[in-house]
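Note sheet for the following structure.
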Amino acid sequence: KPPETLVGKRLGTVAYAIYAAAGSESRRIAAQDRLDWNWIGMHNETFNRMLYGTFLPSTRPKHRVDSMAAMHAMVREGLGVSILPCYTADLDPALTRLDSSVFRDPKFDIWILYHPDARRTRRLRLFADFLVKRIKADIDLFEGRRGIRDDPGR
């Protein structure tokens with residue numbers, strides 16, 4: 001929920017899914033119980049509760065890193081699995097979704113917001129229009145509907 005002091009609009013939702021390194025190892029991982037997977041999370045426990053607690057509350061990260069980029073890199077190298085945003089992970093051929101499920105939650109909505117006093121500023125309006133156009137063009141990627149590789153081991 002955006003603050004009442006700002007104006008703008010909701011553009012879509014950021015979907016998340018469970019990813020592992022692509023290859024034959026992902027078939028073995030997918031066959032295991034999810035609780036036995038080597039989950040990769042963040043050092044920030046608030047972020048872990050927000051992400052994992054929302055989608056997979058019984059999951060506990062075995063490895064912890066300090067950024068989403070580090071989580072992505074660890075998964076790519078086969079060091080574990082993680083919940084990653086589809087807009088980055090679906091574009092990486094070194095990753096595969098472990099199942100076709102995507103997770104969506106209103107906490108992860110994409111909004112364009114600005115102060116009401118600035119909405120008539122031409123350069124802000126041009127920039128906002130540009131962002132809206134670019135995000136809308138890729139909304140299927142943000143919402144997890146593009147590039148689904150749900151066949152583990154592919």
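From the helices alone, meaning DSSP H stretches of at least four residues, give me the mean residue ellipticity at 222 nm for the chain, per-run term -39500 (n - 2.57), in deg cm²/dmol to the nearest 500.
-9500 deg cm²/dmol
How far apart, in nm, are the 7 Å Cα→Cβ label points at Arg60 and Ser101?
2.0
Sequence gap at least 6, Cα distance under 8 Å: using those rules, report the relative contact order of the chain to the nearest whole percent. If you can, show how the numbers build up before the last one.
Details: 263 pairs, mean separation 64.3, N = 154.
Over the chain, the number comes to 42 percent.
Compute the accessible area per residue over region 1-130, keeping the other protein chains in place, probe 1.4 Å, unit Å². List each step's numbers first, then the result.
On the way: 7370 Å² over 130 residues.
On a per-residue basis, 57 Å².
Which one is right for this structure if volume of the Cα convex hull per residue in Å³ is calculated from it: (i) 104; (ii) 114; (iii) 151?
Checking each listed value against the structure points to (ii).
Could you give the length gained on full extension between Leu126 and Tyr114, defined as 0.36 nm per residue of separation minus the Cα-Cα distance, in nm? Don't skip to the answer; put the middle values down first.
Working: separation 12, 0.36 × 12 = 4.32 nm, distance 1.29 nm.
Separation in residues times 0.36 nm, less the Cα-Cα distance, equals 3.0 nm.
For the chain, which whole-number percentage of the solvent-accessible area (1.4 Å probe, protein heavy atoms only) is attributable to carbon and sulfur atoms? If you can, show how the numbers build up before the last one.
On the way: 4660 of 8820 Å².
Here carbon and sulfur together make up 53 percent of the probe-accessible area.
I need the peptides 40-52, 101-113 ranked by packing, meaning the mean over residues of other C-beta atoms within 10 angstrom, with the highest value on top.
Values: 40-52: 16.5, 101-113: 14.8.
Top of the packing list down: 40-52, 101-113.
Return, ordered by residue number, the residues of region 24-58 whose backbone nitrogen is under 11 Å from a label point located 7 Å along Cα→Cβ of Ser67.
None, by backbone N distance to the label point.
The values are calculated or read from the model by the stated rules, or taken from the named source; none is laboratory data. Every value quoted in this text rests on a predicted model; they were computed, and no experiment measured them. Please note: Cβ atoms are built from the backbone with ideal geometry, for glycine as well, and neighbour counts cover all protein chains shown. SASA here: full protein model, heavy atoms, side chains in, ligands and nucleic acids out. Shrake-Rupley method; radii C 1.70, N 1.55, O 1.52, S 1.80 Å.
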